[in-house]
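Laboratory data are not the source of any read-out in this text; all were calculated from the coordinates shown. In this text the structure is predicted, and so the values were computed from the model without any measurement. Note: ideal-geometry Cβ built from the backbone for every residue, glycine included; neighbour counts use all protein chains shown.
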Amino acid sequence: MYLKSLDECQLKIGSYPKFSYNAVGGGGKATLVPTKKTNNKRYVSFSSETFSIPPLTSQTTKFLSLPLPPGIKISMSMDKLEGSVDNNSGEVLLEFESKFVLSIGSVIKFPDLLVKTLLQTGQVKGQLHQGKGLSLQKNGKTKLVGIAIIPPTGNKFLDTFLGLPNEALAELQCEIQ
């Protein structure tokens, strides 16, 4: 099984407007986790060594319909992506853990933003955000949504700027084959 990220993804933190994100080029191959197969449900795990997530940059990301300023980059390193894919119902549930690293040029690098969430095809609702996924379609397309509470980083500027701890929403357009 292979998961491929697509265009028209969105990220949101706190009361800030959504970031539009083109994640084309990201993804990776899953390993099937040995288990009893029930009703065509597959348990999968993606390797953090081979799974890629494109960075948020001026080429991939827009905020308020404008590209991110040149030099601003948010890199993501996935630590965990595993869960289940049910081919009968189209339900996808994936535990996701990642570090987001904001840098400005090569001079300023902020501490990691830790993200832990359950990406799913169902509905999610938090205190500030809500989203609705899309069940896995016959053509492999799906929309995964997840809400996470981003903990403080210890950097006073970043914590204050983002209002950490704060709620974040991810809406990811994907293809699973």
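Only one residue of THR50, ASN139, PHE157 has its Cα farthest out toward the positive end of the dipole of region 35-177, where Lys and Arg carry +1 and Asp and Glu -1 on Cβ, and that residue is ASN139. Taking a label point 7 Å from the Cα of GLU175 along the Cα→Cβ vector, which residues of region 116-139 have an amide N closer than 19 Å to it? Flagged as within label range: 134-139.
Placing +1 on the Cβ of every Lys and Arg and -1 on the Cβ of every Asp and Glu, with no other charges, gives the chain a dipole of roughly 260 debye about its Cα centre.
The Cα center of region 25-67 and the Cα center of region 115-177 differ in position by 13 Å. Each 5 Å bin from zero up to the one holding the largest Cα-Cα distance in region 87-152 carries the following percent of pairs: 4, 16, 19, 18, 15, 11, 9, 6, 2, 1.
Here, P(r) means the percent of Cα pairs in each 10 Å bin from 0 to the largest distance; for the chain it is 10, 37, 36, 14, 3, 0.
Among residues other than LEU3 with Cβ under 9 Å from its Cβ, the summed charge is +1 (Lys and Arg +1, Asp and Glu -1). Taking the fewest neighbouring Cβ atoms within 10 Å as the starting point, the ordered list for SER58, SER15, SER20 is SER15, SER58, SER20. Are there any trypsin sites (Lys or Arg not before Pro) in region 1-56 that are in a DSSP loop and have at most 10 other Cβ atoms within 10 Å? List them by number. Those satisfying the criteria are LYS36, LYS37.
Dipole magnitude for region 45-122: about 500 debye, using +1 per Lys or Arg Cβ and -1 per Asp or Glu Cβ, origin at the Cα centre.
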